[in-house]
Every structure is written in C-alpha cells, then in structure tokens.
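> Got a structure for you, written out below as structure tokens; questions coming shortly.
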Amino acid sequence: MAVIWTTFDYDKMTVKYGTSTSNLRFTATDEGVKRWQSGTSVRCTHRAAMRNLQPSTTYCFVYFFL
C-alpha cells in the first residue's frame with residue numbers, strides 16, 4: 001500500500017508507520033517527488049510504499065523531512 005501526499009517542498013521525506021501512534025516502528029522512504037504547478041504556486045507530490053502490512057489491521061502513519 002502506498003501513501004501519497006502533497007507539500008510545497010521538493011525535499012525527500014520519510015514515513016513512519018505502525019499499528020498505533022505509540023508503535024511507529026516501520027519506515028518507508030519517499031520514492032520520488034513530482035513537482036507540478038497549481039496556479040502561481042509550485043506543489044510537490046510525494047509517494048512512499050508501506051510494505052509487509054497485515055490484512056484487517058489498522059495502521060497509523062506520520063511523514064517528516066529526512
């Protein structure tokens with residue numbers, strides 16, 4: 001499963017994820033940033049793949065700059 005989010009920053013980011021906010025023990029690295037224009041501002045779409053997820057399990061995640 002992948003998480004996709006948009007920022008104004010081109011820098012790569014990291015996603016921490018796990019089964020609760022106090023258990024974010026897995027890491028996914030930004031797999032590539034796509035820059036695009038929205039009116040007069042430039043936006044960046046980021047994507048990170050969360051791997052080895054278990055079926056019927058809820059996951060929490062946060063993203064941050066490397």
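Every read-out reported here was derived from the displayed coordinates using simple, explicitly stated rules and does not represent laboratory data. The structure displayed is predicted, hence computed values, not measured ones. Cβ atoms come from the backbone with ideal geometry, glycine included; neighbour counts cover every protein chain shown.
> On the basis of being among the hydrophobic types (A, V, I, L, M, F, W, C), free of Cβ contacts under 8 Å to residues at least 24 places away in the same chain and in contact with a strand residue (DSSP E or B) (Cβ under 6 Å, 6 or more places away or on another chain), does Trp36 make the cut?
Judged against the criteria, Trp36 is a match.
> Could you tell me which numbered condition Val3 fails, if it satisfies all but one of (1) in a strand (DSSP E or B); (2) in contact with a Cys (Cβ under 8 Å, 6 or more places away or on another chain)?
Val3 satisfies all of (1) in a strand (DSSP E or B); (2) in contact with a Cys (Cβ under 8 Å, 6 or more places away or on another chain) except (2).
> Further question on the same structure: Has region 35-48 got at least one residue that is among the aliphatic types (A, V, I, L, M) and out of contact with any Lys or Arg (no Cβ under 7 Å at 6 or more places or on another chain)?
Taking every residue of region 35-48 in turn, at least one turns out to be among the aliphatic types (A, V, I, L, M) and out of contact with any Lys or Arg (no Cβ under 7 Å at 6 or more places or on another chain).
> Out of all the residues in region 5-42, which are touching a His at 6+ places or on another chain (Cβ under 7 Å) and over 13 Å from Phe64 (Cα atoms)?
Across region 5-42, the qualifying residue is only Val33.
> A further question follows. Just give me the residues in region 11-66 being within 13 Å of Met1 (Cα to Cα), aromatic (Phe, Trp, Tyr) and within 9 Å of the chain's Cα centre (by Cα), in sequence order.
Scanning region 11-66 gives a single hit, Phe61.
> On the basis of being surrounded by 12 or more Cβ atoms within 10 Å (Cβ to Cβ) and in contact (Cβ under 8 Å) with a residue 60 or more places away in the chain, does Val3 make the cut?
Answer is yes for this residue.
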